[in-house]
1. Please find, among 49, 76, the residue that is closer than 18 Å to residue 135 by Cβ and exposed (fewer than 15 other Cβ atoms within 10 Å of the Cβ).
2. Only one of (1) touching a residue at least 12 places away in the same chain (Cβ under 8 Å); (2) not in a helix (DSSP H, G or I) fails for residue 45. Which number is that?
3. If a residue has to be free of Cβ contacts under 8 Å to residues at least 24 places away in the same chain and closer than 19 Å to residue 125 by Cβ to count, how many in the stretch 31-42 make the cut?
4. Of 70, 106, 66, 142, which residue is assigned to a helix (DSSP H, G or I), within 14 Å of the chain's Cα centre (by Cα) and without any contact (Cβ under 8 Å) to a residue 12 or more places away in the chain?
5. Take the residues in the stretch 8-25 that are more than 12 Å from residue 149 (Cβ to Cβ) and in contact (Cβ under 8 Å) with a residue 40 or more places away in the chain; name whichever of them is surrounded by the fewest Cβ atoms within 10 Å (Cβ to Cβ).
6. Looking at 58, 100, 125, which one is over 19 Å from residue 18 (Cβ atoms) and within 18 Å of the chain's Cα centre (by Cα)?
7. Can you tell me which of 18, 101 is part of a helix (DSSP H, G or I), out of contact with any helix residue (DSSP H, G or I) (no Cβ under 8 Å at 6 or more places or on another chain), at pLDDT 95 or above and over 27 Å from residue 129 (Cα atoms)?
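The values are calculated or read from the model by the stated rules, or taken from the named source; none is laboratory data. This structure is a prediction, so every number in the text was calculated from the model and none was measured. As a convention, Cβ positions derive from the backbone with ideal geometry for all residues, glycine included, and neighbour counts pool all protein chains shown.
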């Protein structure tokens, strides 16, 4: 099982890297779109009707992708005062409970995001002319990745492999 988890880790590491590149590209693209909108509005006295809705849509993607990667890499802040006083085996239990809760939250993101997308699918995003369901795609995509990363962290712990936590710098 340990070898399987190491292979899974290579795949999820690539997924995390790709997610960060997509999130970074989205951040740059959103910045360019907002700058273009400001330039066009205040210099050319007109407007890019698609700028604001596309920037908001892109922002959703980089937020949810970045958050999921932050969970995988243990870079989110946590309240761990009790962990400093807990015995070693209990720390692992607490981290696993935390990962289960995060995974459940990811499942909720997928489930309710899908329901919202289905209800909004018949409407269009003003300025873009595409289905309003796309507004909820970042929630669904981020939720799927969050569930995958949480499951990976739980399975790594079961196999005796290290998982990153806030403040850690190296991974086995």
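1. Result of the check over 49, 76: 49.
2. So the condition that residue 45 fails would be (1).
3. Count: 3.
4. Sole residue among the options that is assigned to a helix (DSSP H, G or I), within 14 Å of the chain's Cα centre (by Cα) and without any contact (Cβ under 8 Å) to a residue 12 or more places away in the chain: 70.
5. Ranking the qualifying residues of the stretch 8-25, first place goes to 22.
6. It is 100.
7. 18
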